[in-house]
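Step one of this worksheet: look at the structure below.
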Amino acid sequence: MSVHPAPSAAPFTNEPLLDTFGRVADDLRLSVTDRCNFRCTYCMPAEGLKWLPKDEILSFEELARLLRLFVRLGVRSVKVTGGEPTVRADLPSLVAMLREAAPGVDMSMTTNGVLLDRLARPLADSGLDRVTVSLDSLLRHRFEEMTRRDALDRVLAGIRAAEDAGLVPIKINCVVIGGTNEDEVVEFARWSREHGHAVRFIEYMPLDAEHAWERAKVVPSARILEAIDAVYPLVADGPDHEPATSYRFADGSAGGVGVIASVTEPFCDSCNRLRITAEGQLRACLFALDESDLRTPMRSGAVDEDLEELIRSNVWAKWSGHRINHPDFVQPERSMSAIGG
Ligand code: SAM
Ligand code: SF4
């Protein structure tokens, strides 16, 4: 059986971005760089990756143009990501341009947090609404082991700076890896109660650059919830237009937890996401094997209607879901940092 859906003509109408399975894509992840100042073991090799030359990265104007177009096509929320978005030079100016292109849209950023201590305020002033900060361990030595950077204190300071700057509600992303940080999930829940930031536990996905992912290292989200619920009873929260399933604490405490169970409980049926890589490739799925180049036509004089046609075709051809749990699964060539997670 082919892993690709049959190519099909997309209907060009004023409709939102629809695929053949009736899903509407209205959430865009915009990667602003492929570079990173961390080297998380589950994402990048210690020596980093071969970075894109500068002229291959979308310019501020190109990013703003694409965002304006996607908003016209129904996108309601945009997440600035990377690589590490905060290493893009003059990020606050870019965010200001994105805000101007998409005044009414929820705009957030996923970051490792290490530069937030000095960037949180300028980013908030430029119109960023909120941040999600990745934090895989609350123990200094383990944080260093997982990110290959001794930067826990700076990330915690970054989270405080984001709070002070009003980039709230802050969400925390924690990738749980069996045999590494699984024993910290209850401590993360305690930390969430203390600080009021919801922690989302992400299952380890086969998107690491070194292709070292092992199913045995995936910690099922159900097991994480069970461990937390035994100490801090949980109550399911309503759906919040996110792949994360969210819970609040039954005793009414601040904070909360969520799980992103991409491997053990895929949510492809309700996936509303699109991604644009730093060099302008549109991907309808994290695990997509096909992408649509938007940069080349943009640089060859394409008008918005030409781009719209490319975008609609790509979305229309989105497959039903990833095949991580199928024997014919093929890991995409791009790793998480090169896609824009
Ligand atoms: N550098 C930023 C950061 O780390 O938050 C943004 C980009 S990063 C690629 C986006 C998210 O992907 C992070 O929360 C990171 O933990 C997650 N991630 C990276 N590799 C992953 C993997 N193999 N499985 C699951 N999540 C992963
Ligand atoms: Fe960098 Fe984020 Fe990948 Fe870590 S997960 S190496 S911070 S891009």
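Having 3 or more residues that are farther than 21 Å from Phe188 by Cα and not polar (S, T, N, Q) is the bar; report the helices (runs of 4 or more DSSP H) wholly within region 217-321 that clear it. Because the criterion is at least 3 residues that are farther than 21 Å from Phe188 by Cα and not polar (S, T, N, Q), the helices (runs of 4 or more DSSP H) in region 217-321 that meet it are 295-299, 304-316. Restricting to region 87-146, what's the tally of residues that are within 16 Å of ligand 2 (Cβ to nearest atom) and out of contact with any Lys or Arg (no Cβ under 7 Å at 6 or more places or on another chain)? The total comes to 19.
When we screen Glu226, Glu291, Glu279 for residues that are buried (at least 18 other Cβ atoms within 10 Å of the Cβ) and modelled with pLDDT of 95 or more, the only hit is Glu279.
Consider region 201-211. How many of its residues are more than 24 Å from Tyr247 (Cβ to Cβ) and within 14 Å of ligand 2 (Cβ to nearest atom)? Spell out how you get there, then give the answer.
First, the residues of region 201-211 that are more than 24 Å from Tyr247 (Cβ to Cβ): 206-211.
Next, from what is left, pick out any that are within 14 Å of ligand 2 (Cβ to nearest atom): 207-210.
So the count comes out to 4.
For the structure I just gave you, tell me whether Pro243 is free of Cβ contacts under 8 Å to residues at least 40 places away in the same chain, under 30 Å from Val133 (Cβ atoms) and within 14 Å of ligand 1 (Cβ to nearest atom). Before the answer, list the steps.
Working: free of Cβ contacts under 8 Å to residues at least 40 places away in the same chain: yes; under 30 Å from Val133 (Cβ atoms): yes; within 14 Å of ligand 1 (Cβ to nearest atom): yes.
For Pro243, the condition - free of Cβ contacts under 8 Å to residues at least 40 places away in the same chain, under 30 Å from Val133 (Cβ atoms) and within 14 Å of ligand 1 (Cβ to nearest atom) - is met.
The residues of region 115-158 that are within 14 Å of ligand 1 (Cβ to nearest atom) and touching a Gly at 6+ places or on another chain (Cβ under 6 Å), listed by number, are Leu116, Val133, Val155, Gly158.
Among all positions in region 193-215, there is at least one residue which is on the phi > 0 side of the Ramachandran plot and either at pLDDT below 95 or more than 16 Å from ligand 1 (Cβ to nearest atom) (or both).
In the condition set (1) within 12 Å of Gly280 (Cα to Cα); (2) touching a strand residue (DSSP E or B) at 6+ places or on another chain (Cβ under 9 Å); (3) outside any loop (DSSP other than H, G, I, E, B), Glu62 is compliant with all but (2).
Just one of (1) at pLDDT 95 or above; (2) of a type in the set (A, V, I, L, M); (3) crowded, with 17+ Cβ neighbours inside 10 Å fails for Ala284. It is (1). Selection of first residues in region 316-334 that are surrounded by fewer than 19 Cβ atoms within 10 Å (Cβ to Cβ) and of second residues that are modelled with pLDDT under 80, restricted to Cβ pairs under 7 Å at least 6 apart or on distinct chains, gives the following pairs, ordered by first then second residue: Arg323/Val3; Asp328/Val3; Phe329/Arg323; Val330/Val3.
The values are calculated or read from the model by the stated rules, or taken from the named source; none is laboratory data. What you see is a predicted model, and the numbers here were worked out from it, not measured in a lab. Virtual Cβ from ideal backbone geometry, glycine too; neighbours counted across all protein chains shown.
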